[in-house]
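Everything below concerns the one structure shown next.
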There are 2 protein chains.
Amino acid sequence: MTFDRLKDFIREAMTGLGLPEADAMTVATLMAEADLQGSDGHGVSRLPQYARRIKAGGFNVRPNITVVHEHASTALLNGDNGMGHLVMKRAAEIAIEKARTTGIAWVNSQYSNHAGPASLYASMPLKHDMIGLYFAVGNANHLPPWGGLDMLLSTNPIAAAIPAGDEKPIILDMATTVAAYGKVKSKALRGETMPEGWMIDRAGKPLTDPKRADEGMLLPLGGMEAGYKGYGLAMIIGLLAGTLGGAAMGRDVIDFNHDDDSVTHTGQAVAAINIAAFGDVAIFKASVDALVRDFRNSERMPGVERIFVPGERSHATRATRMRDSIPIPDALMRGLDQVADDLGMQRLA
Amino acid sequence: MTFDRLKDFIREAMTGLGLPEADAMTVATLMAEADLQGSDGHGVSRLPQYARRIKAGGFNVRPNITVVHEHASTALLNGDNGMGHLVMKRAAEIAIEKARTTGIAWVNSQYSNHAGPASLYASMPLKHDMIGLYFAVGNANHLPPWGGLDMLLSTNPIAAAIPAGDEKPIILDMATTVAAYGKVKSKALRGETMPEGWMIDRAGKPLTDPKRADEGMLLPLGGMEAGYKGYGLAMIIGLLAGTLGGAAMGRDVIDFNHDDDSVTHTGQAVAAINIAAFGDVAIFKASVDALVRDFRNSERMPGVERIFVPGERSHATRATRMRDSIPIPDALMRGLDQVADDLGMQRLA
């Protein structure tokens with residue numbers, strides 16, 4: 001599947017679902033970008049769920065996204081329950097514009113929704129020679145507080161994007177759990193068991209059967225040994241992305257995988273840091289290049305073929321998929337056919 | 001040992017070592033605060049090392065700390081190789097002042113030095129109803145890139161402090177490794193072995209003898225299963241705290257535990273986020289209180305007595321030590337006696 005064909009399919013579906021043409025194009029471009037870079041759990045695979053939710057009235061297809069509070073370097077956006085892609089693209093644009101003059105800016109959202117992979121928004125400041133940061137409250141709680149049993153936290157992701165010179169930008173995008181919940185679902189679909197360390201059951205014992213995922217909880221980053229650190233990170237990210245903007249956090253988070261119509265009141269935050277405010281941009285980029293090369297050329301452990309910096313695999317996937325094609329698994333293609341049939345549009349393939 | 005007596009001892013030592021009276025008081029207060037809150041590896045235990053370094057000419061005792069670059073919401077401070085406590089206190093003050101009007105501010109340092117526990121600086125914005133963030137390049141590389149063998153990263157810590165209402169503030173302060181290097185040193189001193197998962201040797205096998213620490217490397221947060229995440233965090237923090245401010249990162253980091261006279265060119269970053277820029281401060285604090293209570297009251301796993309939020313143990317330690325006393329281990333007391341004798345001042349006890 002080519003990037004352009006995939007994007008066009010999503011755009012047509014979004015228009016059919018009621019989004020204005022320009023918004024449909026924005027969402028389609030970001031969703032197809034997610035697939036292009038290998039964020040398969042956050043791209044077109046979400047389209048059937050989005051379509052279901054829109055039909056159930058869970059998303060506002062014609063949101064009036066407004067700035068609720070604004071200062072020289074901050075803003076709070078009310079997403080009016082529109083698709084998160086629209087809200088967070090706007091948030092990143094505002095952050096970039098403000099950081100141009102003040103050096104840094106930070107924009108929170110409220111009444112936003114699932115926006116796809118965190119890296120998309122952290123990467124938006126890159127072409128303006130800015131560093132991007134992104135924090136989000138995930139759309140389902142799979143994590144209790146450390147030592148607890150009540151699911152009060154999501155896998156709250158953090159992303160950071162750092163411009164380089166000749167090298168590709170460094171892009172970190174990680175859930176604060178050992179494994180993202182999407183990886184558990186993939187294991188279940190493939191009929192495989194999970195390694196010990198991804199999940200535990202309510203007695204604290206390792207849970208390795210992904211079909212029993214509902215009986216257990218994800219382990220925060222750090223696992224049994226140091227999971228209190230991942231727990232702490234997930235909580236702080238939730239406070240920054242959710243509570244700070246008056247959005248849902250903790251018990252107020254809606255499990256949008258099992259609920260198509262409640263307003264999720266999702267919160268995210270994006271920051272842009274203007275490198276020029278701290279010195280010469282070319283010198284900064286040269287330093288990043290040198291660092292990447294030092295890392296790549298490090299002596300390797302036995303059996304290690306290559307050392308990667310964060311984002312390098314995504315850059316490679318992007319190049320391969322742009323040249324060849326974006327793979328669409330059969331089960332997903334059937335779901336997309338259903339969406340197309342429902343909307344009376346041409347199937348993807 | 002009372003807080004006041006300890007602070008006074010450090011202040012006198014710092015004055016004896018050549019710091020101006022006001023600077024000696026600043027450093028002493030922050031170092032004694034570190035001990036008070038239980039950050040034992042970053043308080044008075046560092047005094048013998050600091051004294052040695054000052055005598056070797058490794059710290060500038062009368063630095064001219066200057067603002068190199070400044071925008072409405074950012075600044076870069078040149079610490080003139082002064083003690084890190086002085087540089088980062090100034091950095092936090094500037095960030096707070098700027099965030100008052102612009103909503104957020106971010107200040108980097110260059111030519112700074114070890115500044116004690118990250119939480120001290122992340123906490124400074126709290127009393128101004130601001131959130132604090134802090135990032136630092138550690139002062140010794142103990143971590144290779146994921147899959148590599150060359151020590152190119154430190155345990156680069158991240159700290160975040162979030163104001164609450166009736167509850168104590170939430171304060172996260174963590175190294176991006178499974179265990180901080182100080183914990184390894186403590187195990188060696190006590191003749192204990194380390195649990196598997198803290199360190200590996202150069203063949204990738206678990207290393208549990210802390211006396212052989214020099215033969216191995218710390219595992220990044222996430223351990224064998226997901227250590228690439230901790231590695232990614234450590235790298236991003238190093239880029240934000242070091243590279244962004246033109247400070248040392250990667251191969252340029254000086255191991256200040258084994259080098260008393262080279263300029264470390266340490267970089268840190270501190271940010272202040274003004275909660276009032278995003279909405280009503282009282283509502284924010286009430287939300288944080290509610291969240292803390294939900295977490296605390298979560299159903300617990302078998303064998304768990306209490307659920308903690310980040311910072312809660314430090315708050316408790318602070319209260320206990322303020323009421324009773326700050327414990328000084330014998331070996332440390334002998335080191336402090338030596339400092340006192342060298343400077344011709346009264347011993348601590």
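A short reminder: the numbers here are calculations on the coordinates, not readings from a lab. Just so you know, these numbers come straight off a predicted model, no measurement behind them. Neighbour counts are summed over all protein chains in view; Cβ atoms, including those assigned to glycine, are modelled from backbone coordinates with ideal geometry.
Sorting the segments B:158-166, B:178-186 by their mean number of nearby beta carbons within 10 angstrom, highest to lowest, gives B:158-166, B:178-186. Whole-Hz Karplus values for segment A:8-20 come out as 5, 4, 5, 4, 5, 5, 5, 4, x, 7, x, 6, x Hz, taken residue by residue from phi with 6.51 cos²θ - 1.76 cosθ + 1.60 and θ = phi - 60°; glycine and proline positions read x. In the structure shown, the pairs A:LYS285/B:LYS127; A:LYS7/A:LYS55; A:LYS55/A:LYS185 are assessed against 29 Å; a Cα-Cα span above that value is assigned to A:LYS285/B:LYS127. Amide H contacts of A:GLY148: B:MET301, each under 5 Å away and 5 or more positions distant or on a separate chain (H built 1.01 Å from N in the peptide plane; Pro and chain starts excluded).
Between A:ARG202 and A:ARG46, how high is the FRET efficiency from 1/(1 + (r/R0)^6) when r is the Cβ-Cβ distance and R₀ = 25 Å? Nearest 0.05.
Details: r = 29 Å, r/R0 = 1.18.
Efficiency computed from Cβ-Cβ geometry: 0.25.
Within 10 Å of the Cβ of each residue in A:285-292, the mean number of Cβ atoms contributed by other protein chains is 4.
Which shape class, rounded, prolate or oblate, goes with segment B:262-334 when its Cα gyration tensor gives a ≥ b ≥ c as root eigenvalues, a/c under 1.5 marks rounded, and past that a/b bigger than b/c marks prolate?
On the way: a/c = 2.25, a/b = 1.20, b/c = 1.88.
It comes out oblate by the Cα gyration axes.
Each of A:LYS55 and B:GLU305 was given a label point 7 Å from its Cα along the Cα-to-Cβ line. The distance between the two points is 5.5 nm. For the pair A:ALA276 and B:THR66, a Förster radius of 25 Å applied to the C-beta separation gives a FRET efficiency near 0.80, rounded to the nearest 0.05. Packing, taken as the mean count of other beta carbons within 10 Å per residue, orders the peptides A:69-80, A:47-58 from highest to lowest as A:69-80, A:47-58.
Residue and whole-Å distance for the chain B Cβ lying nearest the axis of the B-onto-A rotation are B:SER73, 2. Please give the FRET efficiency for B:LYS211 paired with A:ASP330, using the beta carbon to beta carbon distance and R0 = 35 Å, rounded to the nearest 0.05. According to the calculation, E is roughly 0.05. For A:LYS229, which aspartates and glutamates qualify as cross-link partners when the Cα separation must be under 14 Å and same-chain residues fewer than eight apart are set aside? Partners found: B:ASP173, B:GLU312.
When A:MET345 is represented by a point 7 angstrom out along its Cα-to-C-beta vector, the spacings to that point in the other copies are 7.4 nm, nearest first. Mean partner shielding of peptide A:94-103, defined as the number of other chain Cβ atoms within 10 Å of each residue Cβ, is 4.
What shape does chain A have by the C-alpha gyration tensor, where a ≥ b ≥ c are the square roots of the eigenvalues, rounded means a/c under 1.5, and otherwise prolate means a/b greater than b/c and oblate the rest?
Working: a/c = 1.20, a/b = 1.05, b/c = 1.14.
Here chain A falls in the rounded category.
When you restrict to C-alpha pairs under 8 Å that are six or more residues apart and normalise by the size of segment A:179-218, the relative contact order lands at 38 percent.
Label-to-label distances for B:LEU189 across copies, nearest first, come out at 5.2 nm, using points 7 Å from Cα in the beta-carbon direction.
Averaged over peptide B:142-155, how many Cβ atoms belonging to another chain are found within 10 Å of each residue's Cβ?
On the way: counts 0, 0, 6, 12, 8, 10, 10, 7, 7, 1, 4, 2, 0, 0.
The per-residue average across the peptide is 5.
Where a ≥ b ≥ c are the square roots of the eigenvalues of the C-alpha gyration tensor, would you call segment A:179-218 rounded, which needs a/c under 1.5, or, failing that, prolate if a/b is larger than b/c, or oblate? Don't skip to the end; give the middle numbers.
Details: a/c = 1.78, a/b = 1.69, b/c = 1.05.
Since a/c reaches 1.5 and a/b is larger than b/c, the shape of segment A:179-218 is classed as prolate.
Relative protection proxy for B:31-43, A:19-31, from highest mean packing down: B:31-43, A:19-31 (other beta-carbon atoms within 10 angstrom). For A:ASP324, the distances from its label point to the matching points in the remaining copies are 6.3 nm, ordered from shortest, with each point set 7 Å beyond Cα toward Cβ.
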